[in-house]
Amino acid sequence: MFYSELTGMPVYHTDEVCIRKETAVCVTGHRTKSIKPYRDDPKNFGITCYAAKLMLDRYISIVMKKGYTTLLSGLAEGTDLWAAERVLFHKRYEKERRLIGVMPYMSHFNGFKANNIELLRLVERHADMLVTTCNNVNVTYGRKQTPLTDPNIYKKRNYYMVDNSAVVIAFYNESNPRSGTGQTVRYARQLGHLVLCFDNDDIHRLLDRAGLDKMAIYNELKKLKLNVPKP
């Protein structure tokens, strides 16, 4: 067991934990910088991100109401942390919900923006468990394999989450299959997992229908339905 550099919370290695994958869902997807503003207008970036967060929340809510109780988050900026934050919100009212944060390596947050560091702290403090897929506290990401760097460190994290879940929710554009998210989605499909995807175009179509009013966006998303079997 290790301890988080940010919060001092215990972080377990994968060998020390057992996750009931039949009722688990993992999330993968865009960093914030990959989100395209509605109508390519930078002024719409904020409302586009808001709509993306709401759509992600709607996907998670639908899946979890079917009986999936645990969400695995890779704790990266963007989709991962948004999903973790939403599960923490729902845990206030639905006590059976569980959040497991999966770190690719212990110092993975280096380079995070200040607001995301604060969100990560919140998530770490209130998650049900923190796990790392790297068993050496000194190893970080690097393009070449060395004693202290690993080019596959994020792939190991992503594949671990897929291996320990039954459903994958992905926010990404399938036109970019070489991305880490694309790699994760392909792996999940190879295993026969249920994969639920939405992309920037889906967010823009949502805004076409609802406009830029936040309540209208929320009400439009309430109509969204997904075909999700019970675990």
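The values are calculated or read from the model by the stated rules, or taken from the named source; none is laboratory data. Note that the coordinates shown come from a computational prediction; the quantities given were computed from them, not determined experimentally. Note that we place each Cβ from the backbone using ideal geometry, even for glycine, and neighbour counts take in every protein chain shown. The area values use the complete protein model at the heavy-atom level, side chains included, leaving out ligands, DNA and RNA. Shrake-Rupley method; radii C 1.70, N 1.55, O 1.52, S 1.80 Å.
Would you list which aspartates and glutamates come within 15 Å of K53, measuring only between C-alpha atoms, while excluding same-chain residues fewer than 8 positions from it?
E77, D80, E85, D199, D201, D202, D213, E220
If you compute Kirkwood radius over Cα pairs in Å for the structure shown, which of [x] 18.6; [y] 18.0; [z] 21.0 do you land on?
After the calculation, the listed value that fits is [y].
Can you work out the FRET efficiency for the pair I117 and S34, with r the C-beta to C-beta distance and R0 = 35 Å, to the nearest 0.05?
0.95
To the nearest 10 square angstrom, how much accessible area does R125 have with a 1.4 angstrom probe?
130
Roughly to the nearest percent, how much of the accessible area of the chain is carbon and sulfur, given a 1.4 Å probe?
On the way: 5590 of 11590 Å².
Result for the chain: 48 percent of the exposed heavy-atom area is carbon or sulfur.
Per residue, how much accessible area does the chain show when a 1.4 Å probe rolls over the protein heavy atoms, in square angstrom?
Accessible area per residue, the chain: 50 Å².
In the range 97-231, what is the count of Lys pairs whose alpha carbons are under 21 Å apart, counting only pairs at least 8 residues apart or on separate chains?
6
Out of the range 60-167, which GluC sites (Glu not before Pro) are coil in DSSP terms and have no more than 14 other C-beta atoms within 10 Å?
Those that pass, being in a loop and sparsely packed, are E94, E96.
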